[in-house]
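First up is the structure itself, then whatever we jot down about it.
The values are calculated or read from the model by the stated rules, or taken from the named source; none is laboratory data. All values reported here derive from a predicted model rather than from experimental measurement. Cβ coordinates were reconstructed from backbone atoms using ideal geometry, including for glycine residues, and neighbour counts include every protein chain displayed. Side chains included, ligands, DNA and RNA excluded: accessible areas come from the protein's heavy atoms. Shrake-Rupley method; radii C 1.70, N 1.55, O 1.52, S 1.80 Å.
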Amino acid sequence: MKRRQLLLGVASVAGTGGLLGTGAFTAVSADRTVSVQVATDDQALLALEPTDGPNGEYATLEGGQLAIDLSSSNPTDAGGTGVNARAETTIEDVFAVENRGTQPVEVTLDPYFFDDGGDFVCVYPGSQSDAVVGNGSTGLEPVTLGVGDREQYDVFAAVALGASSLGGTVTVTADATN
Amino acid sequence: MKKRRLLTILGTLAGGGSLALGTGAFTTVSADRTVSIAVADDAYAFLRLNERGSGERSEIDGGTLKFNIPGDDEDQYPSGNPTDPDGLGTDSVYRFGEDAAHDQSGLFAVRNQGTQPVEVYSTQDSTAGVPTVTMFDVDSGDLLTENSPSAPLGVGAGPLVCGLEIDTHGVPIQDEAYDIELTINAVATDGD
């Protein structure tokens, strides 16, 4: 008798609040598997890789990550270990960004410019080289890459005298456009 | 099989949560990558520029090539009977194909330590009131200008042995040396 009374009581609570259904719970902790494959940059959804051209030599994929390395740790086959002082150096088609995802993306590099007391280096899309080494100085626009599209990037360094090295960390961002 | 499973899980997440994760798509990727650029002495840089011969008409100074005409050690040559000239004559064209000691051909040399064949030539931003300086190929005698650069200089090939032609027409005589900036250009021959 007592038991029936209790069930009725529960039923009326459920009817009022509605929160506690049959089989309700306050907390559940369940482990599920998420399988994420992390690929080297040249195999990733957003592929970052040295170009196939001669200036791909200036980029590396050490540890699976793209790096632009114009230094003695990545000398050219001919033995060059850096840009000349008191010189402007333009190196076209060093690395490429390719969209291997399924949506168009806008690609930006931030920063794309490193300045050290007037000596500077700029990393920019080859399609916008006029904005950097041309007459126009319009600033860089994001690069829109359709699925399967690819953009090659150039490096420009201007060294008056002072700097012994230039550079830093560039964040490559690709945002879906829709 | 593994791939299909991954897609299913992503599909579940997408259905339950946001639409950000479609099949294999990405909404945002953000990756930090390193750019390191060293500035090298002319002897080790992608465009190697080196002095040739003794007498210091050409010399590496602080890592970069520079020229002094007459050379800093011009007063030591010819050995035993130095001539010690004060400078170039006016309204003249001089060619310097060697340093004062004449112990090596060429006043300087250019070597391509980059990755592409390049054509080499010199330019001078301003020639107003100062001597005009142009580099030339010592072997052929050809002036190397923007319109008529060197033959393609291959990677690791060479070096291209060069001298300087100096034109003093219309340049006044003065005690103080003229300070001239000569630009040595190396431009890849293919657009790649």
Using θ = phi - 60° and the Karplus form 6.51 cos²θ - 1.76 cosθ + 1.60, what ³J(HN,Hα) does each residue of the range B:115-126 get, whole Hz, x for Gly and Pro?
10, 9, x, 10, 9, 10, 7, 10, 9, 9, 4, 10
Return the long-range amide H neighbours of residue A:59 (sequence gap of 5 or more, or a different chain), with a cut-off of under 5 Å between placed amide H atoms.
A:69
Under a point-charge model restricted to the Cβ atoms of Lys and Arg (+1) and Asp and Glu (-1), what is the dipole moment magnitude of the range B:27-113 relative to its Cα centre, in debye to the nearest 20?
700 debye
Can you give the average number of partner chain beta-carbon atoms within 10 Å of each beta-carbon in peptide B:113-121, as a whole number?
4
Expressed as a whole number of Å, what is the distance separating the alpha-carbon centroids of the range A:101-165 and the range B:23-101?
29 Å
Under the rule that an exposed site lies in a DSSP loop and has at most 11 other Cβ atoms within 10 Å, name the longest stretch of chain B with no GluC sites (Glu not before Pro) of that kind, not counting the sites themselves.
B:1-145
Share of accessible surface on carbon and sulfur in the range B:112-166, whole %, 1.4 Å probe and ligands ignored, is 45 percent
Once the dipole of chain B is set up from charges on Cβ (+1 Lys and Arg, -1 Asp and Glu), the residue from the list B:169, B:155, B:108 lying farthest towards its positive end is B:155
Around residue B:159 (Cβ within 13 Å, Cβ-to-Cβ, excluding residue B:159; K/R +1, D/E -1) the net charge comes to -1
Pairwise burial B:A, computed as accessible area of each alone minus the pair, summed, 1.4 Å, Å²:
3900 Å²
